[in-house]
Structure formats: C-alpha cells, structure tokens
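Asks: Structure below; questions to follow.
The values are calculated or read from the model by the stated rules, or taken from the named source; none is laboratory data. Source: prediction; values computed, not measured. Every residue, glycine among them, receives a Cβ derived from its backbone with ideal geometry; neighbour counts consider all protein chains shown. Just so you know, the surface numbers come from the protein's heavy atoms only, side chains and all, with ligands and any DNA or RNA stripped out. Shrake-Rupley method; radii C 1.70, N 1.55, O 1.52, S 1.80 Å.
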Amino acid sequence: MAEQNAQGCSGDCSSCGESCAQRDPKSLIEPTGEYNDIKHVIGVVSGKGGVGKSMTASMLAVLLKRMGRSVGLLDADITGPSIPKTFGISARAMQNEIGILPAETKTGIKLISINMMLEEKDSPVLWRGPIIAGAVKQFWHDVVWGALDYLIIDCPPGTGDVPLTVFQSIPLDGVVIVTSPQDLVALIVKKAYNMARMMDIPVLGIIENMSYAVCPDCGKKIELFGSGSESAAEELGVPLLAKMPIDPSLSRMVDNGEFERFDCDYLVPAAEAIDKKLNKQA
Ligand code: ADP
C-alpha cells in the first residue's frame, strides 16, 4: 500500500474522491462507453444564461454536419433543456441492452437531452447539483454515440457544479465561450475563461451573439449593445471566432423545430476554425 503523509494523502488520486489542491484535475476524467469512438469533444459555455449558448451549440453542430463530419449533441443544460424542441424532436429516448439510444435529427445529428427522459416535457427538473451532474456523466458514458468526429456539449451557464463536473469528468478538447457584446466588454466571460484555464482546457475562441441587428427597411447594421468586443477578446488573448446578429428568422426556426434549415453563414468561420484546429491535432 502507498505510504500516506500527515494529512492521510498517499498521492494516488485514483483511489481517492477528495477534491484537494494537489489533485490533478485530469485524474477525474471518465471514459466513455465501450461502443463509442468519439474523436473530439467541444464544450459550449457562457458566463450567464440567455446569451444564445444553446442556439450556438446547435448551429455549430449543424454546420459541422454540413461539412461532412459525424456529430453528436449532448444537452447538458439540464435545468433548461431546449435543444430537442429546436430540432423538432419530441420522442422519448429509448434504451436497449447496450445503453441509451440518442435521437437522430433530420440531417443525422445524434442528440440526447434530459427532456427526452421526462414524462412531461414542461415539468421542471427539480434536482440538486450532484444528481444533475450524475445525469450528465451518464449521458457521456451510457449513451450509445457510436463513432463521432465531434460531440458538442451544451453546458449549463456559469461556473457551478454541473459545468465543473463536465470540465472534470469529460475529456474536452476545448471550449467555445458564447457571450453578448456587453458581457464581453464587461469581461463577465472571464470567469468561464478562467475556469477552463484552471482546468487546463484550451479555450478555442469566443463567439459573440446578438452583436447587431439589421434594419429590415434600410439594411443598416445597428449595434444594440455597443461595440469594443475585438479589444476585449484581445485582452483575454482568445480569438473572436464569429459574430452573430439578432436574426428573427433564427428564433422562428427554433420555435418551429426546423432549425436545421437555416441558410445563414454567421458561424461558418467559427465552425471552420474549430475543425481546422482540432482535425489538425488528430
Ligand atoms: P442560452 O442557452 O444562452 O440560455 P438560448 O440559445 O436558449 O440561450 O437563447 C435564448 C433565446 O434567444 C432563445 O429563444 C433563442 O431562440 C433566442 N436567440 C438566441 N440567439 C439569437 C439570435 N442570434 N437571433 C435571434 N434569436 C436568438
């Protein structure tokens, strides 16, 4: 047996659940299921809710799929799971002897969400942090994802229990931070950024949502929430991957469950940059 120091620590994190300062953050990483072969895992995070994180995660999944990649989408925003509705999926998840079967969207994105487990879609998920975190880990391990180029995880907003579990237990290749312009300028995203850095997870870049609106009469771009995001991103030392405007046609498609039909290219530079960076590492 390994020798213990005065605090009772043997230095072997594999047999210990304590979250102490000496712990290697990567030591809590859990393997995915034996039927899965997932090349890259990307977390989509935000400093706070309502900035369009789920829409961004969904759009990146659709764009990577359009680029010919095999893609899965794990809705870990457990207390506000909106992704199945975005893709028009209302069926409950099925299970067989090898695990939980994800739904498949019209274009072939594999999808799992707590909403697909609930009897009533509008019931609130009244679970405490550790239970929610356990459900996310189960989605990572027990869902039969099969072979994927990318698994995109829509993380809950902020830096609480569940995002921490995602960061600690799932081997993320990197995170994308979604922000509104004013949060970026006010550096509210910095906490999400610092959390990733502290856990040794690369920040792939920032996507600014609700950057501007286009006047339907004259076509003028209106920066509703101010500007200055380039210098704020520079201050963090993270690339600003793309800017997405407020586009009512997008929220209409979300509401109608037809999101895969969007024909805008706002996040194409972001999807291409991510694919270029991660596939180069493969
Ligand atoms: P979050 O995941 O950050 O809480 P959501 O992605 O659920 O945010 O977005 C919140 C709401 O705003 C949703 O109704 C979504 O359809 C809408 N929305 C987000 N981004 C845009 C956009 N660029 N244009 C139009 N509506 C948007």
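Asks: Any residue at all in segment 55-67 that's open to solvent by 20 Å² or more (accessible area, probe 1.4 Å), under 17 Å from the mean Cα position of the chain (by Cα) and within 14 Å of the ligand (Cβ to nearest atom)?
Replies: yes
Asks: Still on this structure, I have one more. If you go through segment 207-214 one residue at a time, do you hit one that is without any contact (Cβ under 8 Å) to a residue 24 or more places away in the chain and either more than 14 Å from the ligand (Cβ to nearest atom) or more than 17 Å from the chain's Cα centre (by Cα) (or both)?
Replies: no
Asks: When the residues of segment 71-93 are narrowed to those that are open to solvent by 40 Å² or more (accessible area, probe 1.4 Å) and over 23 Å from Gly160 (Cα atoms), which ends up nearest to the chain's Cα centre (by Cα)?
Replies: Lys85
Asks: What are the pairs with Cβ atoms under 8 angstrom where one residue, in segment 82-108, is aromatic (Phe, Trp, Tyr) and the other, located anywhere, is open to solvent by 60 Å² or more (accessible area, probe 1.4 Å) and more than 16 Å from the ligand (Cβ to nearest atom)? Sequence gap at least six, or different chains.
Replies: So the pair list comes out as Phe87/Lys106.
Asks: Still on this structure: Do any residues in segment 244-257 that are of a type outside the set (A, V, I, L, M) have Cβ atoms under 7 Å from those of residues that are assigned to a helix (DSSP H, G or I) and buried (at least 16 other Cβ atoms within 10 Å of the Cβ), where the two are at least six apart or on different chains, and which pairs are they?
Replies: That search, which allows pairs on different chains as well, returns Gly257/Lys85; Gly257/Thr86.
Asks: Moving on to the next point. I need the full set of residues from segment 44-54 which are open to solvent by 10 Å² or more (accessible area, probe 1.4 Å) and more than 6 Å from the ligand (Cβ to nearest atom), in order please.
Replies: Scanning segment 44-54 gives Gly47, Lys48.
Asks: For segment 140-175, what are the residues that are within 24 Å of Gly68 (Cα to Cα) and not in a loop (DSSP other than H, G, I, E, B)?
Replies: Residues satisfying the conditions are Trp140, Val143, Ala147, Leu148, Asp149, Tyr150, Leu151, Ile152, Ile153, Asp154, Gly174, Val175.
Asks: Can you tell me which residue within segment 68-80, out of those that are more than 10 Å from the ligand (Cβ to nearest atom) and either of a type in the set (Ser, Thr, Tyr) or assigned to a loop (DSSP other than H, G, I, E, B) (or both), is farthest from Ile114 (Cα to Cα)?
Replies: Looking at the filtered set, the residue picked out is Gly68.
Asks: Kindly indicate which of Ala270, Ala192 is within 14 Å of the ligand (Cβ to nearest atom), within 29 Å of Gly108 (Cβ to Cβ) and part of a helix (DSSP H, G or I). It would help to see each step written out before you state the result.
Replies: Details: Ala192 fails: within 29 Å of Gly108 (Cβ to Cβ).
Sole residue among the options that is within 14 Å of the ligand (Cβ to nearest atom), within 29 Å of Gly108 (Cβ to Cβ) and part of a helix (DSSP H, G or I): Ala270.
Asks: Same structure, new question: Search segment 132-188 for residues being of a type in the set (Val, Ile, Thr), at pLDDT 85 or above and under 30 Å from Ser231 (Cα atoms), and hand back the single one that is nearest to the chain's Cα centre (by Cα).
Replies: Taking the candidates together, the pick is Ile153.
Asks: Next question, about the same structure. Return the residues of segment 143-164 that are under 15 Å from Asp75 (Cβ atoms) and open to solvent by 10 Å² or more (accessible area, probe 1.4 Å); say none if nothing qualifies.
Replies: Pro156, Pro157, Val162
Asks: Looking at segment 258-282 only, could you name the residues that are in contact (Cβ under 8 Å) with a residue 12 or more places away in the chain and acidic (Asp, Glu)?
Replies: Glu258, Glu260, Glu272, Asp275
Asks: Then there's this: Applying the selection to segment 228-262, what residues are part of a helix (DSSP H, G or I) and open to solvent by less than 70 Å² (accessible area, probe 1.4 Å)?
Replies: Ser229, Ala232, Ala233, Leu236, Ser249, Leu250, Ser251, Met253, Val254, Phe259, Glu260
Asks: When segment 184-197 is examined, which residues are found to be open to solvent by 10 Å² or more (accessible area, probe 1.4 Å) and in contact with a Phe, Trp or Tyr (Cβ under 9 Å, 6 or more places away or on another chain)?
Replies: Val185, Leu187, Met195
Asks: While we're on this one: For segment 168-179, give me each residue that is open to solvent by 10 Å² or more (accessible area, probe 1.4 Å) and under 25 Å from Ala271 (Cβ atoms).
Replies: Pro171, Leu172, Asp173
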